[in-house]
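Take a look at the structure below.
Laboratory data are not the source of any read-out in this text; all were calculated from the coordinates shown. All values derive from a computational prediction rather than experimental measurement. No Cβ is skipped: glycine too gets one built from the backbone with ideal geometry, and neighbour counts run over all protein chains shown.
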Amino acid sequence: MPHFILDCSANVLDVHEEETIIEQVHLVANATGLFQENDIKVRLNTFEKYIVGNKRENFIHVFAHVMQGRSIEQKADLSKQVVAKLAELFPHISNIAMNVSEFEKATYCKSTMLE
């Protein structure tokens with residue numbers, strides 16, 4: 001926890017390698033101080049077929065899933081920082097966005113919690 005899942009047009013990787021993008025999102029998330037570094041997970045999915053606003057335009061969308069307990073301001077700042085970094089890396093892409101959703105502590109379970 002947290003999970004950062006990036007969906008993007010495949011040719012985004014023509015500009016920066018997948019590892020670079022993942023690393024940069026990880027660094028920004030860690031720099032916020034909201035998470036333990038070892039808990040941050042970043043994944044990237046590319047799409048060959050897509051449509052954005054009725055056009056075929058490059059895009060990056062980050063879906064962040066975090067454990068409940070952060071303020072709206074903290075989540076908004078997280079989104080702004082990640083989008084700003086991606087906009088810096090990809091100045092030619094105008095469709096860069098992020099949203100943050102929360103896991104409920106009461107319903108969250110992972111294999112290491114089983115006994």
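Could you list, in sequence order, the residues of region 34-62 that are closer than 10 Å to Pro2 by Cα and among the hydrophobic types (A, V, I, L, M, F, W, C)?
Leu34, Phe35, Ile40, Val42, listed by residue number.
Determine whether Val62 is among the hydrophobic types (A, V, I, L, M, F, W, C), touching a His at 6+ places or on another chain (Cβ under 7 Å) and closer than 29 Å to Met113 by Cβ.
no
Identify, from the list Ser79, Ser94, the residue that is surrounded by 11 or more Cβ atoms within 10 Å (Cβ to Cβ) and touching a residue at least 24 places away in the same chain (Cβ under 8 Å).
None of the other options fit; the residue is Ser94.
What number goes with the only condition from (1) surrounded by fewer than 15 Cβ atoms within 10 Å (Cβ to Cβ); (2) in contact (Cβ under 8 Å) with a residue 24 or more places away in the chain; (3) of a type outside the set (S, T, N, Q) that Pro2 does not pass?
(1)
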